[in-house]
Amino acid sequence: MARINEFISHYPEGKKKSAMLPVLHAVQDAHDNWLSVPLMNKVAEILEVHPIEVYEVVTFYTMFNQHPRGKYTFEFCRTSCCSIRGGEDMLDYACNKLGIKEGETTEDGMFSVVGTECLGACGYGPMLQLGDFYHEHLTEEKFDALVEDCKQGKIKLD
Amino acid sequence: MARKILFENIDIPGIKDYEVYRKNGGYRAVEKAIKTMTPDEIVEQVKTSGLRGRGGAGFPMGLKWSFIDKKSGKPRHLVVNADESEPGTFKDRFLMEYIPHLLIEGAIISSFALEANLSYIYIRGEYMWVFKILEKAIKEAYANGWLGKNILGTGYNLDLYVHCGAGAYICGEETALIESLEGKRGNPRIKPPFPAVSGLWAEPTVVNNVESISAVSWIVNNSGEEYAKIGLGKSTGTKLISASGHIKNPGVYEIEMGMTVDEFMNSDQYLGGMIDDRPLKAFIPGGSSVPILPANYIFKTANGEDRLMTYESLADGGFTTGSSMGSGGFIVYNDSACVVRNTWNFSRFYHHESCGQCSPCREGTGWMEKILERIENGHGRQEDIDLLWDIQSKIEGNTICPLGDAAAWPVAAAIRHFREEFEYHVRFPEKIKNRNHFVNEPMEKVRHLLSL
Ligand SMILES: Cc1cc2nc3c(=O)[nH]c(=O)nc-3n(C[C@H](O)[C@H](O)[C@H](O)COP(=O)(O)O)c2cc1C
Ligand code: SF4
Ligand code: FES
């Protein structure tokens, strides 16, 4: 809540709604990386707006999740610059390795694989985002090691 | 041509930290600006410098600043655009990650010049670790009296905050960014009114790119006249280029404008030539939104002149044989890249990122993606190529914001310059079905089939 109040303090009197995105990020981070309807309603209350104003924002932005995702969600960039350096191959490799399709989560809820659009690491592809961090210049070996580290709880997400 | 302005101090160990930055001349420009210059004098210096906005459109920055409404007495704002989502572009991240105080220093001076007391840096949500770097740097600036009330005892007050987005390319468009900063969906506004009159919370606002704002300290320290001496003609100063694709040394480079594309692409100091010694097939000089050019128009213009790294030279030939500097996202393709697949890739991007307000963009991007997908996967029809051409021409110029154009241009350029590759897909579907993500046989080897 301290973080939320700090964000709200960044905007003038009467402009609380402007804190919408930072507040939603903070709430999502604190709740298993997704936003349920009760959480969205709570945010509406905090920001003194109608719940619909929160819903329409959450559905617009790709970083807000309306459903649970794997604890470790690998978001592979599949836009051109990464793709021509093997980004789509990496995405396929990850799906095969984890036995899921793009957009799916493993049964134990540990891993998801998602294809995303350009993440601003175009010169360092293939790349993926995991939590708040980027993993760049990916190879199959690097990805294997990353999965292993996740399993052993060695990976920081924020 | 190795002139450095933004990267002058970037290699100094610890330059991310306030103390080191300050010891190396940091914040000197703020002192000079606030204590010895009037806001209008700073605007004049920036005008004289010829600095053009680095966010993509290349609009003269001083001129933009001079439009801000100071008469109405409403509060004014500077919003730094750090949304950086144009495929191929990753320079702003580099600046903010490695030398964050340069941006903050520039934002303070720029806010002072605009007589703004509340400013924001809007950063894309995925750059969360950079967000934290900026947060820390801003705290340091407050702690040392460069932000807050009565800065340097001059009576000037400024609050600066960093605000994070949440994954939407369209929020890089300045009015969508403002909507987003107001806590709404990122739907671009119809202009006019322009932000300089009615922007954030209907108050006068200037939106500028990270790289543009980061150049301001140097201009204040050294004068606009000195800045204008760097570069070539109307392309003054240095430009950050984000280089990616099939080159030996991808990364972010600061170049003095005026260098030849050939030198930039092939010298070891810069991109180092092509990887695996495969031939150059195409390149995009300014991010996914600008036209792709085939090998024969890269190093020379249609008139046979050297193609230079300037706004003018990259645009030479218009969209028929030229392209655009855009945001400086320099993407290089060798002959293993499939132009059809790549165009499909970009179309998927624009369809995904369209905010959906205008039907030509919302529907058109979807149709283009669909048609390109079927051509790439071996289900294309002969009339599809003309259909694509038709669709893209109906989007261009018929939408609220330039995303529509940005989605149309890459398709138009790909068909204009690589039509035979589309023909090949349509006429020989069995050759491209089931291949992996790359070209099996370079066009050189199969071109003869088309003339049979
Ligand atoms: C779809 C779209 C996306 C854009 N994305 C960005 C961006 O990520 N960063 C940026 O600085 N400008 C972006 N722009 C340009 C901005 O609208 C605006 O012109 C720019 O921030 C102005 O800054 P400048 O004058 O310093 O270039 C985008 C424009 C469009 C139409
Ligand atoms: S052109 Fe596309 S992105 Fe821009 S306002 Fe229209 S629908 Fe939205
Ligand atoms: S294309 Fe993958 S990060 Fe930009």
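The values are calculated or read from the model by the stated rules, or taken from the named source; none is laboratory data. Note that the structure is a prediction, hence the values are computed from the model and not measured. FYI the Cβ positions are ideal-geometry reconstructions off the backbone, even for glycines, and counts take in every protein chain you see. To get the accessible areas, we keep the full protein, side chains included, count just its heavy atoms, and leave off ligands, DNA and RNA. Shrake-Rupley method; radii C 1.70, N 1.55, O 1.52, S 1.80 Å.
Could you name every residue in region B:185-219 that has 10 Å² or more less accessible surface in the full protein assembly than in its own chain alone (probe 1.4 Å, ligands and nucleic acids excluded)?
B:R185, B:G186, B:W201
Which lysines have a Cα less than 16 Å from the Cα of A:K151, not counting those fewer than 8 places away in the same chain?
Partners found: A:K71, A:K97, A:K142.
Viscosity 1.002 mPa s, temperature 20 °C: Stokes-Einstein D of region B:339-450 from its Kirkwood Cα radius, in µm² per second?
It comes out at roughly 152 µm²/s.
Accessible area of B:C171, 1.4 Å probe, to the nearest 10 Å²?
Using a 1.4 Å probe on the heavy atoms, I get roughly 0 Å².
Gap in Å between the Cα centre of region A:64-122 and the Cα centre of region A:17-44?
After rounding, the separation between the Cα centres reads 23 Å.
For n ≥ 4 DSSP H runs only, could you compute -39500 (n - 2.57) per run for chain A, divide by its residues and tell me the 222 nm figure to the nearest 500? Intermediate results must be reported in sequence, preceding the final value.
On the way: 7 runs with 67 residues, N = 158.
Calculated from helices alone, the mean residue ellipticity at 222 nm is -12500 deg cm²/dmol.
Give me the one-decimal nm value for the distance between modelled label points at B:K74 and B:K149, 7 Å along each residue's Cα-to-Cβ direction.
Label-label distance for B:K74 and B:K149, simple model: 2.7 nm.
Could you state how much accessible area is buried at the A-B interface, both sides summed, with a 1.4 Å probe, in Å² to the nearest 100?
About 4300 Å² of accessible surface is lost on pairing.
Please state the relative contact order of chain A as a whole percent: Cα pairs under 8 Å, 6+ residues apart?
Relative contact order comes out at 17 percent.
Please enumerate, by chain and number, the aspartates and glutamates with C-alpha under 19 Å from the C-alpha of B:K394, excluding those fewer than 8 residues away in the same chain.
Correct list for B:K394: B:E353, B:E363, B:E369, B:E383, B:D384, B:D386, B:D405.
Given an 8 Å cut-off on Cα distances and at least 6 residues of separation, report the relative contact order of region B:339-450 as a percent. Write down the numbers at each step before the final one.
Values: 131 pairs, mean separation 33.2, N = 112.
Across region B:339-450, relative contact order equals 30 percent.
On the Cα set of region B:402-452, report Rg and Dmax in Å, please.
13.2, 41
Rounded to the nearest 10 degrees, what's the angle between the helix A:140-151 long axis and the longest principal axis of chain A, both from Cα atoms, 0 to 90?
50 degrees
What do you get for Rg/Rh over chain B if you use C-alpha atoms and the Kirkwood form of Rh?
My calculation of the ratio gives 0.99.
State which stretch of chain A is the longest one without any exposed GluC sites (Glu not before Pro), exposure meaning a DSSP loop state and at most 13 other Cβ atoms within 10 Å.
Values: sites that count: A:E13, A:E48, A:E107.
Here the longest segment lacking exposed loop sites spans A:49-106.
What do you get for the angle between helix A:37-47 and the principal long axis of chain A? Use alpha-carbon atoms, 0 to 90 degrees, nearest ten.
50 degrees
For a quick check of your reading of the filter: which trypsin sites (Lys or Arg not before Pro) in region B:65-97 sit in a DSSP loop and have no more than 10 other Cβ atoms within 10 Å?
For trypsin sites (Lys or Arg not before Pro) across region B:65-97 that sit outside H, G, I, E and B with at most 10 neighbouring Cβ atoms in 10 Å, the list reads B:K71.
Give a quick list of GluC sites (Glu not before Pro) in region B:357-437 that DSSP marks as loop, anything other than H, G, I, E or B, with at most 13 other Cβ atoms within 10 Å. Let's see the in-between values first.
Working: sites: B:E363, B:E369, B:E373, B:E376, B:E383, B:E396, B:E420, B:E421, B:E423, B:E430; in loops: B:E383, B:E396.
The qualifying sites are B:E383.
Can you give the mean number of other chain Cβ atoms that lie within 10 Å of the Cβ atoms in peptide B:86-92?
5
For region B:231-334, count all C-alpha to C-alpha pairs, find those more than 16 Å apart, and express that count as a whole percent of the total.
50 percent
Exactly which trypsin sites (Lys or Arg not before Pro) in region A:83-158 are in a DSSP loop and have at most 14 other Cβ atoms within 10 Å? All intermediate terms of the calculation are to be shown ahead of the outcome.
Numbers: sites: A:R85, A:K97, A:K101, A:K142, A:K151, A:K154, A:K156; in loops: A:R85, A:K101, A:K154, A:K156.
The qualifying sites are A:K101, A:K154, A:K156.
Evaluate peptide B:129-138: per residue, the Cβ atoms of other protein chains within 10 Å of its Cβ; return the mean as an integer.
1
Counting only protein heavy atoms and a 1.4 Å probe, tell me what percentage of the protein assembly as shown's accessible area is made up of carbon and sulfur.
Carbon and sulfur atoms account for 51 percent of the accessible area of the protein assembly as shown.
Using only the Cα atoms of region B:46-97, what semi-axes does the equivalent ellipsoid have when each is the square root of 5 times a gyration tensor eigenvalue? Give whole Å, largest first.
Working through the eigenvalues yields semi-axes of 25, 15, 9 Å.
Under 28 Å Cα to Cα from A:K15, which lysines show up? Leave out anything in the same chain fewer than 8 places away.
Output for A:K15: A:K42, B:K64, B:K70, B:K71, B:K74, B:K132, B:K136, B:K139, B:K149, B:K184, B:K191.
Against the empirical 2.2 N^0.38 Å scaling, what ratio does the C-alpha Rg of region A:2-60 come to?
Output field value: 1.02.
Would you rank B:T301, B:T48 by solvent-accessible area, highest first, keeping every protein chain in place and using a 1.4 Å probe?
B:T48, B:T301
In whole angstrom, how far apart do the alpha carbon centroids of region B:121-168 and region B:234-308 sit?
Centre-to-centre (Cα) distance: 34 Å.
Other chains near B:342-355: what is the mean number of their Cβ atoms within 10 Å of each residue's Cβ?
3
Extending each Cα 7 Å along its Cβ direction at A:N41 and B:N398, get the distance between those two points in nm, one decimal.
Going from the A:N41 label point to the B:N398 one covers 4.4 nm.
Quick one, what does Rg over Rh come out to for region B:18-229 if you take C-alpha atoms and the Kirkwood Rh?
0.93
Per the Cauchy relation, a quarter of the hull surface: what is the mean projected area of the convex hull of the alpha carbons in region A:72-151, in nm²? Can you show the working numbers first?
Details: hull surface 18.0 nm².
Hull-based average projected area comes out at 4.5 nm².
Enter the angle in degrees (range 0 to 90, nearest 10) between the Cα long axis of helix B:39-49 and the first principal axis of the Cα atoms of chain B, meaning the one along which they spread out most.
40 degrees
Under 17 Å from a point 7 Å along the Cα-to-Cβ line of B:T320: which residues of region B:378-407 have their amide N that close?
Correct set: none at all.
For Cα pairs less than 8 Å apart in space and 6+ apart in sequence, what is the mean separation divided by the residue count of chain B, i.e. the relative contact order in percent? Please report the intermediate quantities before stating the final value.
Numbers: 912 pairs, mean separation 69.4, N = 452.
Taking the mean separation of contacting Cα pairs over the length of chain B, I get 15 percent.
Please work out how much accessible surface B:L63 shows to a 1.4 Å probe, ignoring ligands, DNA and RNA, in Å² rounded to 10.
B:L63 has an accessible surface of roughly 70 Å² with all protein chains in place.
Considering the alpha-carbon set of region B:13-77 alone, what are its Rg and its Dmax in angstrom?
My reading of the Cα-based Rg and Dmax gives 15.2, 46 Å.
Accessible area per residue of the protein assembly as shown at 1.4 Å probe, in Å²?
Details: 23340 Å² over 610 residues.
Accessible area per residue: 38 Å².
Determine how large the accessible area of B:V130 is when every protein chain is in place; take a 1.4 Å probe and give Å² rounded to the nearest 10.
The value for B:V130 is about 0 Å².
Per q in 0.09, 0.10, 0.12 Å⁻¹, report the Debye log10 I(q)/I(0) for the protein assembly as shown, using one uniform scatterer on each alpha carbon and no solvent.
-0.71, -0.89, -1.30
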